[in-house]
Amino acid sequence: MDLLSATLTLFLIMDPIGNVPVFLAYLRNVDERRRTFVVARESLIALVILMFFLFFGASLARALRIEPPSLHISGGVLLFLISLGMIFPELTHIGTTAEQHHQAEPFIVPLATPLLAGPSSMATIMLFISKEPQRLGHWLAALIVAWVMTALILLASPRLSRLMGQRGLVACERLMGMILTVVAVQMFLDGVKMFVASLGEAAAG
């Protein structure tokens with residue numbers, strides 16, 4: 001996977017467009033002068049969490065005895081479920097959750113994690129670094145670029161919400177979900193190919 005593909009995959013998984021309404025709901029009772037600070041703080045916390053998995057994900061996978069095919073297959077399934085939630089947002093009920101829990105200023109949960117640094121982004125980063133650990137700088141660049149684009153969109157969330165409206169945001173999220181579906185299926189197929197290849201090597205040995 002090249003830098004552009006890795007960056008696009010991480011950007012789609014972080015789903016900043018889909019998270020705009022959720023962020024606005026959680027920040028509704030936060031003073032307007034603090035909203036930019038809160039979004040920036042939560043985005044930085046998410047970056048720290050994802051960088052932890054980038055630098056230590058391979059060691060964690062080895063400690064848990066997780067093989068690359070398992071990461072590919074589980075990552076593909078997880079991304080597929082995430083993409084379905086983006087295409088059919090009524091299945092996730094995210095809006096209801098946000099409305100119920102936006103009373104206090106959010107801290108780490110749920111904005112930094114799991115909305116930005118969620119299980120799917122963690123698993124994807126672990127997959128990248130476990131498959132090609134020698135390309136650490138490559139994956140780090142992809143993560144930072146995807147994170148910067150995500151943070152900029154979330155910082156501009158009030159303007160985007162007014163500009164695009166609810167229908168525009170939903171349309172963009174569903175388009176991103178369709179792209180992520182293709183990525184998820186390819187990741188799953190790569191895992192199956194790796195698993196079948198390992199069986200062949202074991203039989204030959």
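Distance distribution P(r), the range 165-205, all Cα-Cα pairs, bin width 5 angstrom from 0: 5, 22, 13, 12, 12, 9, 9, 6, 5, 4, 2, 1 percent.
Using the 1.4 Å probe convention, the accessible area of the chain works out to 53 Å² per residue with neighbouring protein chains retained.
If r is the Cβ-Cβ distance from GLU201 to ALA63 and R0 is 30 Å, what FRET efficiency results, to the nearest 0.05?
Using R0 = 30 Å, I get an efficiency of 0.80.
Computed over the range 94-205, the P(r) curve from all C-alpha pair distances, binned at 5 Å from the origin, holds 2, 8, 11, 18, 20, 14, 10, 7, 4, 3, 2, 1, 0 percent per bin. For the range 63-90, the residues whose amide N sits under 16 Å from a probe point set 7 Å from the Cα of MET178 along the beta carbon direction are 83-89.
Hydropathy at least 1.0 by Kyte-Doolittle, axial extent at least 24 angstrom from the Cα trace: which helices of the chain, defined as entire DSSP H runs, fit?
Values: long enough: 32-63 (45 Å, 1.04); 68-87 (28 Å, 1.57); 136-155 (28 Å, 2.16); 157-204 (61 Å, 0.80).
Span-like helices in the chain: 32-63, 68-87, 136-155.
Ignoring ligands, DNA and RNA, please state the percent of accessible area on the chain from carbon and sulfur, probe 1.4 Å. All intermediate terms of the calculation are to be shown ahead of the outcome.
Values: 7520 of 10860 Å².
Reported share for carbon and sulfur atoms: 69 percent.
Here the gap between LEU3 and MET149, fully extended at 0.36 nm per residue and compared with their Cα-Cα distance, gives a gain of 51.1 nm. Computed from the C-beta positions of GLU105 and GLN166 and an R0 of 25 Å, the FRET efficiency is 0.55 to the nearest 0.05.
Where the eigenvalues come from the Cα gyration tensor of the range 5-62, what are the semi-axes √(5λ) of the equivalent ellipsoid, largest first, in whole Å? List each step's numbers first, then the result.
Working: eigenvalues 153, 43, 14 Å².
Over the Cα atoms of the range 5-62, the semi-axes work out to 28, 15, 8 Å.
Computed over Cα pairs, the Kirkwood radius of the chain leads via Stokes-Einstein (0.890 mPa s, 25 °C) to a diffusion coefficient of 139 µm² per second.
Run the dipole for the range 107-205 about the Cα centre, Lys and Arg Cβ at +1, Asp and Glu Cβ at -1, nothing else charged, and hand back the magnitude in debye, nearest 20.
Working: 7 positive and 4 negative charges, 87 e Å.
My answer is approximately 420 debye.
Once the piece of chain linking PHE37 and ARG135 is laid out straight, how much longer is it, given 0.36 nm per residue of separation minus the C-alpha distance between them? Don't skip to the end; give the middle numbers.
Values: separation 98, 0.36 × 98 = 35.28 nm, distance 3.30 nm.
Extending this stretch completely gives an extra 32.0 nm.
Dividing the C-alpha radius of gyration of the range 138-181 by 2.2 N^0.38 Å, with N its residue count, gives 1.36.
The values are calculated or read from the model by the stated rules, or taken from the named source; none is laboratory data. Nothing here was measured: the structure is a model prediction, and the numbers come from that model. For neighbour counting, all protein chains shown are included, and Cβ atoms are generated from backbone atoms with ideal geometry for every residue, glycine included. Ligands, DNA and RNA are excluded from the accessible area calculation, which covers all protein heavy atoms including side chains. Shrake-Rupley method; radii C 1.70, N 1.55, O 1.52, S 1.80 Å.
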